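A.B. asks: Here's a structure for you.
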Amino acid sequence: MSTALVQAINVTKNFHGNEVLKGIDLDVEQREVVCLLGPSGSGKTTFLRCINQLETINGGRIWVDGELTGYEDRNGRLHRRTNKDIARQRRQIGMVFQRFNLFPHKTALENVVEAPVHVGGRSKAEANKRGLELLDRVGLSDRCDHYPAQLSGGQQQRVAIARALAMDPKLMLFDEPTSALDPELVGEVLTVMRELAQQGMTMIVVTHEMGFARDVADRVVFMDAGVVVEQGAPTDVIDNPQHERTKTFLSRIREETEEHAAALQARLDAEQI
Amino acid sequence: MTESGSSAATAADERPGAIDAVPVRHLGRWVAVAFIALGIAMLVQFMLTNKAFNWSFVWKAMIQTPVINGLIGGTLLGTAGSMVIGVVLGVIVAVMRLSDNPVLAWTAWAYTWFFRAIPRLVLLTIMGALGVLYPAGMRIAIPFDRQIQDLLGMHGTWTFATLDANQVFTGILGGIIGLGLSEAAYMAEIARAGILSVDPGQNEAAAALGMSDGLAMRRIVLPQAMRVIVPPTGNETIAMVKDTSLLIGIPVSNELFFQLSSIGSRTYQTFPVLVAAVIWYLLICSVLMVIQSRLERYFGRGFGTRAPGPRDQAFLAKMLSFRGGGGGGGM
Ligand SMILES: Nc1ncnc2c1ncn2[C@@H]1O[C@H](COP(=O)(O)OP(=O)(O)O)[C@@H](O)[C@H]1O
Ligand SMILES: [Mg+2]
């Protein structure tokens, strides 16, 4: 058995005959941070969703923490797991969505304690204590009684991270956690993620933030059209890409980032006047 | 025309201050107000001077013991009971209708189809007549017990209880069941619209946290759907208050309108008792409207910018313990 926390072998997924993942192989070690890069529509979101079974895969296998997801192997024959068993497998995986998906009818603290109390069976007092610690960790202890609508996008995403951490996941999945944010709010979310990586969390992060990928990722994986095109250390892939598709993508991202930075600078300058 | 306007030259020295302008005159509005005031005055004068109203009789009729009993034991109890059945069963039917299981979805569809087609007066009349189907009483037993016993040559009784069908289906209980079954068909459509109005990302976030479908529905989706469900449910409740006057189809006579009508026919004061009924219905609906607006505010929390205050929480505690009690596990 390998020691990898996530092991995906030849994963395929199609939507109504349209093959979106065409045989993905990926291992993620304990405490490793992997950044998934790739153009829009390349299947990054779909792959993350397959790992925590929000989508069922059509072929291949995914193991998380040594356990086959979605199916049980009994004497060489695969048996579909029950919904209850799948829910149990999801509990060890935290997911952070592009659009936050906080529960709008619950306060920040209620969002965080919802799963520990109603799924994990912890007492309310215990969960509240832990929830406040987590909100403090993402810098929001003073916002615990606010509803999501009363928080900025960056604050909402940090609450979403705290909510995912509340179930003590072994693995965290981030699907473009900063791309729905105003540019000036991106930093606060990336800071939280950086700290999480330093504390040893295993993370798979879909992102277009090259600075983050370069500084934080142990490995960068470039996907295009449902396949892994190349992977390696961030400096190798980002600064010295081998494949034409990677080069094209990276130069386009670089342009966009520069445009964004210029726009942000212009806005900040305008505010100073 | 020109005396009050300041010139561009002075505007440069002196920055404009608070606005003190002459408002637009709404002449049409004042004319309308005058007409309406006149209409109201005429109506009040008519109602006070026309002898047929007989106001002193109206007040007396409203508080007769059989009327009050009919109001509480028929109209209010019937409304509350049938709405409880209607909402609970309606949500269940809606969840079934949205299920991946085609048998459940089809059953839910058929339920709605059937009960929406039957007029309530007809349904209540049928409820009252159901007793003829069970002349020897209704047995609560193992299904097909007699056939199984015949087939296997076994003896003994597999009946747990025998109920008198006339007792179950006539009287207010039959009325509540009949109106509740009918209401569930409408509530199912309302609840389905509410559930579908919730962002699918909510369900995914719940699933990603390890919640089961049922728990996600109960804790995450339904509370948000309530924002869409409550306003039409208020309308349904108010409509139900009025439909309790159909209880006579069962027949149940302990009901507001029947009791007032019978006073009217006994005393030949037919018009005043109708006025008394109108006043009672207006009072009940006004109270319901207040409750509805409170519920809307409670379930709208977190939407819009207003932070819910402690009053909402206190109201919640009084009205329904929706948040469940203490901690405790459960999956
Ligand atoms: N639920 C779905 N039904 C049909 N097609 C889908 C669905 N989800 C994703 N796709 C398709 O799969 C492809 C990959 O999508 P996605 O994984 O979201 O890419 P990425 O996250 O890399 O932008 C896209 O072409 C998208 O249209
Ligand atoms: Mg995506």
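A.B. asks: Could you give the size of the charge dipole of chain A about its Cα centre, using +1 on the Cβ of each K and R and -1 on the Cβ of each D and E, expressed in debye and rounded to the nearest 20? Could the numbers behind the result be given before it?
C.D. replies: Details: 33 positive and 39 negative charges, 273 e Å.
Dipole of chain A, to the nearest 20 debye: 1320 debye.
A.B. asks: Could I ask something else about it? Carbon and sulfur together cover what percent of the accessible area of chain A at a 1.4 Å probe radius? Before the final figure, lay out each step's value.
C.D. replies: On the way: 5610 of 12240 Å².
Percent of accessible area from carbon and sulfur atoms in chain A: 46.
A.B. asks: At 222 nm, what helix-only mean residue ellipticity would the protein assembly as shown give, in deg cm²/dmol to the nearest 500, using -39500 (n - 2.57) for each DSSP H run of four or more?
C.D. replies: Taken over the protein assembly as shown, the calculation gives -17000 deg cm²/dmol.
A.B. asks: Can you give me the relative contact order of chain A as a percent, contacts being Cα pairs under 8 Å and 6 or more apart?
C.D. replies: Numbers: 460 pairs, mean separation 65.1, N = 273.
Answer for chain A is 24 percent.
A.B. asks: Something else: Would you tell me the mean number of C-beta atoms belonging to other protein chains that fall within 10 Å of each C-beta in B:220-227, as a whole number? Intermediate values should be presented prior to the final figure.
C.D. replies: Working: counts 6, 1, 0, 4, 4, 0, 1, 2.
The per-residue average across the peptide is 2.
A.B. asks: Mark the label point 7 Å from the Cα of B:LEU274 along Cα→Cβ and return the residues of segment B:231-257 whose backbone N is within less than 15 Å of it.
C.D. replies: B:257
A.B. asks: Nearest 100 Å² is fine: how much accessible area is buried between A and B, summed over both sides, with a 1.4 Å probe?
C.D. replies: Summed over both sides, the interface buries about 2600 Å².
A.B. asks: Before anything else, pin down the relative contact order of segment B:77-253: Cα pairs under 8 Å, at least 6 apart, normalised by residue count, whole percent.
C.D. replies: Working: 218 pairs, mean separation 65.1, N = 177.
It rounds to 37 percent for segment B:77-253.
A.B. asks: Roughly how many percent of the accessible protein surface of chain B is carbon and sulfur, given a 1.4 Å probe and a whole-percent answer? All intermediate terms of the calculation are to be shown ahead of the outcome.
C.D. replies: Values: 13450 of 19790 Å².
Result for chain B: 68 percent of the exposed heavy-atom area is carbon or sulfur.
A.B. asks: Report the relative contact order of chain B, percent, no decimals, based on alpha-carbon pairs under 8 angstrom and at least 6 residues apart.
C.D. replies: Values: 332 pairs, mean separation 80.2, N = 331.
Reported relative contact order: 24 percent.
A.B. asks: Next question, about the same structure. Assuming 0.36 nm per residue, please report the length gained on full extension of the stretch B:MET289 to B:THR162 beyond their Cα-Cα distance.
C.D. replies: On the way: separation 127, 0.36 × 127 = 45.72 nm, distance 4.23 nm.
That works out to 41.5 nm of additional length.
A.B. asks: Hey, another quick one. Using the Cα centre as the reference, give the magnitude of the dipole from point charges on the C-beta atoms of the protein assembly as shown (Lys, Arg: +1; Asp, Glu: -1; all else neutral), rounded to the nearest 20 debye. Provide the component values of the computation, followed by the final result.
C.D. replies: On the way: 56 positive and 57 negative charges, 551 e Å.
Here the protein assembly as shown has a charge dipole of around 2640 debye.
A.B. asks: Provide the gained length on full extension for the span B:MET154 to B:LEU121, in nm with one decimal, where the gain is 0.36 nm per separating residue minus the Cα-Cα distance. Walk me through the numbers on the way to the answer.
C.D. replies: Values: separation 33, 0.36 × 33 = 11.88 nm, distance 4.46 nm.
Computed gain between B:MET154 and B:LEU121 is 7.4 nm.
A.B. asks: Among B:ILE220, A:LEU5, A:GLN98, which residue has its Cα furthest toward the positive end of the charge dipole of the protein assembly as shown, with +1 on Lys/Arg Cβ and -1 on Asp/Glu Cβ?
C.D. replies: Positive-most Cα among the choices belongs to B:ILE220.
A.B. asks: Tell me the label-point distance for the pair B:VAL24, A:THR3, using the 7 Å Cα-to-Cβ offset, in nm and rounded to one decimal.
C.D. replies: So the two model labels end up 7.7 nm from each other.
A.B. asks: A further question on this structure: For chain B, what is the accessible area per residue in Å² when the probe is 1.4 Å?
C.D. replies: Details: 19790 Å² over 331 residues.
Per residue, chain B has an accessible area of 60 Å².
A.B. asks: What distance in nm separates the two pseudo spin-label positions at B:TRP113 and A:LEU268, each 7 Å out from Cα along the beta-carbon direction?
C.D. replies: Distance between the two pseudo-spin positions: 6.4 nm.
A.B. asks: Mind checking the full-extension length gain between B:ILE140 and B:SER56? Use 0.36 nm per residue of separation minus the Cα-Cα distance, one decimal, nm. It would help to have the intermediate numbers written out before the result.
C.D. replies: On the way: separation 84, 0.36 × 84 = 30.24 nm, distance 5.26 nm.
Contour length minus the Cα-Cα distance gives 25.0 nm.
A.B. asks: Another one. Which FRET efficiency value, to the nearest 0.05, do you get for A:SER152 and A:ASN58 by plugging their Cβ-Cβ distance into 1/(1 + (r/R0)^6) with R0 = 60 Å? Intermediate results must be reported in sequence, preceding the final value.
C.D. replies: Details: r = 39 Å, r/R0 = 0.66.
Efficiency computed from Cβ-Cβ geometry: 0.90.
A.B. asks: Pairs to check: A:LYS22/A:LYS170; A:LYS124/A:LYS170; B:LYS51/B:LYS242; A:LYS22/A:LYS44; A:LYS106/A:LYS129. Give those whose C-alpha atoms are more than 21 Å from each other in this structure.
C.D. replies: On the way: A:LYS22/A:LYS170 27 Å; A:LYS124/A:LYS170 23 Å; B:LYS51/B:LYS242 28 Å; A:LYS22/A:LYS44 12 Å; A:LYS106/A:LYS129 17 Å.
In this structure, A:LYS22/A:LYS170; A:LYS124/A:LYS170; B:LYS51/B:LYS242 exceed 21 Å between Cα atoms.
A.B. asks: Follow-up. Considering only DSSP beta bridges whose two residues both sit in chain A, what percent are antiparallel, to the nearest 5? Walk me through the intermediate numbers first.
C.D. replies: Details: 24 of 41 bridges.
DSSP beta bridges in chain A are roughly 60 percent antiparallel.
A.B. asks: Indicate, rounded to the nearest 5 percent, the antiparallel portion of the DSSP beta bridges found entirely in segment A:69-215.
C.D. replies: Values: 4 of 13 bridges.
So the antiparallel bridges amount to about 30 percent of the total.
A.B. asks: What figure in square angstrom, to the nearest 10, would you give for the accessible area of A:LYS129 with a 1.4 Å probe?
C.D. replies: Accessible area, nearest 10 Å²: 130 Å².
A.B. asks: Given the options B:ILE68, B:THR170, B:ILE263, identify the residue whose Cα lies farthest towards the positive end of the charge dipole of the protein assembly as shown (+1 on Cβ of Lys, Arg; -1 on Cβ of Asp, Glu).
C.D. replies: Going by the charge dipole, the pick is B:ILE263.
A.B. asks: Now, a different point. At R0 = 30 Å, how high is the FRET efficiency between B:LEU173 and B:THR267 if r is their beta carbon distance? Nearest 0.05 is fine.
C.D. replies: On the way: r = 31 Å, r/R0 = 1.04.
FRET efficiency, B:LEU173 to B:THR267: 0.45.
A.B. asks: Indicate, rounded to the nearest 5 percent, the antiparallel portion of the DSSP beta bridges found entirely in the protein assembly as shown.
C.D. replies: Details: 28 of 45 bridges.
Antiparallel: roughly 60 percent of the beta bridges in the protein assembly as shown.
A.B. asks: Compute the angle between helix B:120-129 and the longest alpha-carbon principal axis of chain B, please, reported from 0 to 90 degrees and rounded to the nearest 10.
C.D. replies: Rounded to the nearest ten degrees, it is 20.
A.B. asks: Still on this model: Step by step: find N for the protein assembly as shown, compute 2.2 N^0.38 Å, then divide the Cα radius of gyration by it. What's the final number? Spell out each step's value before the answer.
C.D. replies: Details: Rg = 33.3 Å, N = 604, 2.2 N^0.38 = 25.1 Å.
Ratio of Rg to 2.2 N^0.38 Å for the protein assembly as shown: 1.33.
The values are calculated or read from the model by the stated rules, or taken from the named source; none is laboratory data. Computed from a predicted structure; not experimentally measured. Note: ideal-geometry Cβ built from the backbone for every residue, glycine included; neighbour counts use all protein chains shown. Each accessible area value is taken on the protein alone, full model and side chains, heavy atoms only, with ligands, DNA and RNA left out. Shrake-Rupley method; radii C 1.70, N 1.55, O 1.52, S 1.80 Å.
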